[in-house]
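First up is the structure itself, then whatever we jot down about it.
The values are calculated or read from the model by the stated rules, or taken from the named source; none is laboratory data. This is a predicted model, so every value here is computed, not measured. A quick note on method: Cβ atoms are made from the backbone with ideal geometry, for glycine too, and the neighbour counts reach across all protein chains shown. Heavy atoms of the whole protein, side chains included, go into the accessibility calculation; ligands, DNA and RNA do not. Shrake-Rupley method; radii C 1.70, N 1.55, O 1.52, S 1.80 Å.
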Amino acid sequence: MRVTSILGASLLALSLGTASAGDDETDFVSLFDGESLSGWKSTTENPDSFSVKDGVLIVKGGRAHLFYDGPVNDGDFKNFELRAKVRTTPGSNSGIYFHTSYQAEGWPDIGHEAQVNSTNGDPRKTGSLYAIADVYAPGDSEEPFVVRFEGQDIQAWAPSAPSTDGEWFDYTVIVKDNTVELKVDGKTTIKWTEPEDWPDQGRQIDHGTFALQAHDPDSEIHYKDIRVRVLD
């Protein structure tokens, strides 16, 4: 479905807005020391999918998740602003989970995922709140990307995927009360408010820790400068 109404236009303006004031690093605390995986705990499946080299956390290998398990806020976050520098490689897929909790294997049952994907075949691209509100590639057609809100039959046009393989970008995840905002290089891609009657248990705004995703053996993603500011 294509939305060309005033409503659709307003959603586009919301989803591709410019950076707001106050982008300084005040009160941010680092979650990654740039030297080790200290403060992080891997799943028992494919723990070798995570390594550190030259200040970069490298995610490459079979399906696995690396959960923050350190001392900052006792590893439990509700309202926060998370920032990280991320770099994709061709065909790679990853994600940043939030409001999640440790599990030894499988895809996390609890929490939301901020998608990381520039050119992987999954149509949900960087800047998506995965399967909730997506920056969506229609496939092999020549249609532009869209911002698609699942279950609401609403979508608005976006000019391209927000991230580019081989280039570092700033990824921001902000949660305040029942609203999630995702930004790529300071520009909002998605701002979604959870409805009061939201039925999706597990995939809901709550509280919890963060996790980085290793999606498959052919994917390599780089992370650095991972830091958080608690907003409670």
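Note on the range 25-80: among residues that are in contact with a helix residue (DSSP H, G or I) (Cβ under 7 Å, 6 or more places away or on another chain) and of a type outside the set (Val, Ile, Thr), the one that is nearest to residue 225 (Cα to Cα) is 31. Determine whether residue 219 is modelled with pLDDT under 95, open to solvent by less than 60 Å² (accessible area, probe 1.4 Å), out of contact with any helix residue (DSSP H, G or I) (no Cβ under 9 Å at 6 or more places or on another chain) and under 30 Å from residue 36 (Cβ atoms). Answer is no for this residue. Scanning the range 1-59 for residues that are open to solvent by less than 40 Å² (accessible area, probe 1.4 Å), within 19 Å of the chain's Cα centre (by Cα) and modelled with pLDDT under 50 yields a total of 2. Among the conditions (1) part of a loop (DSSP other than H, G, I, E, B); (2) within 15 Å of residue 172 (Cβ to Cβ), residue 135 misses just one, which is (1). Within the range 175-191, residues that are free of Cβ contacts under 8 Å to residues at least 12 places away in the same chain reach partners that are surrounded by fewer than 20 Cβ atoms within 10 Å (Cβ to Cβ) and charged (D, E, K, R) with beta carbons closer than 7 Å, at six or more positions or on different chains, in the pairs 181/191.
Please work out if residue 170 is open to solvent by 30 Å² or more (accessible area, probe 1.4 Å), part of a loop (DSSP other than H, G, I, E, B) and charged (D, E, K, R).
No; evaluated as a whole, the condition is false for this residue.
Restricting to the range 188-215, count the residues that are closer than 16 Å to residue 116 by Cβ and either at pLDDT 95 or above or among the basic types (Lys, Arg) (or both).
The qualifying residues number 6.
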